[in-house]
1. Can you give the accessible area per residue of the chain, in Å², using a 1.4 Å probe?
2. Roughly how far apart, in whole Å, are the Cα centres of region 1-50 and region 57-115?
3. So in the chain, what percent of DSSP beta bridges are antiparallel if you round to the nearest 5?
4. Using Cα pairs under 8 angstrom and six or more residues apart, how large is the relative contact order of region 36-108, in percent?
5. Provide the FRET efficiency to the nearest 0.05 for the Val5-Ala40 pair, computing r from the beta carbons and using R0 = 25 Å.
6. If you roll a 1.4 angstrom probe over the protein chains with everything in place, what fraction of the accessible area of the chain belongs to carbon and sulfur, to the nearest %?
7. Extent of region 36-83 along each principal axis, from alpha carbon coordinates, in Å, largest to smallest?
8. When ranked by the protection proxy of mean other Cβ atoms within 10 Å per residue, highest first, what sequence do the peptides 53-62, 24-33 form?
Amino acid sequence: QVQLVESGGGLVQAGGSLRLSCAASGSIFRFNGLGWYRRAPGQQRESVATITWGACANYADSVKGRFTSSSDNAKNTLYLQMNSLKPEDTQGYYCHALHTGTDYWGQGTQVTVSS
């Protein structure tokens, strides 16, 4: 069983920064893929960053140069550093892991950016 728990969301002014965390149950090295997604109410889920071991992370064009994903393998934790936040970044953010062909999702954390 894989559990993913996000944290770090909140309210921030435009131009500010937040760092999201995704704590996984067990080693993150066992996952075939990891990533961050986001979704606004009534909208489709959007991929923000996808991580494949041994390759560079891929970012959505809308966040390139502003968001950076990293990991602390000793803590089994994935991070998403979000800088220069914009009101359009206001969405629920979700951590995703792919393990043995099954998708796992965290409960999400809300990010709200005020103008």
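The values are calculated or read from the model by the stated rules, or taken from the named source; none is laboratory data. Remember, it's a predicted structure, so these values are computed and weren't measured experimentally. We place every Cβ from the backbone using ideal geometry, glycine too, and count neighbours over all the protein chains shown. Side chains are part of the model used for accessible areas, which takes the heavy atoms of the whole protein and leaves out ligands, DNA and RNA. Shrake-Rupley method; radii C 1.70, N 1.55, O 1.52, S 1.80 Å.
1. With all protein chains present, the chain gives 52 Å² per residue.
2. Cα centres, region 1-50 to region 57-115: 4 Å.
3. Percent antiparallel among DSSP bridges in the chain is about 90.
4. 28 percent
5. The computed FRET efficiency comes out at 0.70.
6. Of the solvent-accessible surface of the chain, carbon and sulfur hold 47 percent.
7. Principal-axis extents of the Cα atoms in region 36-83, largest first: 37, 21, 20 Å.
8. Values: 53-62: 11.4, 24-33: 14.9.
Order by mean packing, descending: 24-33, 53-62.
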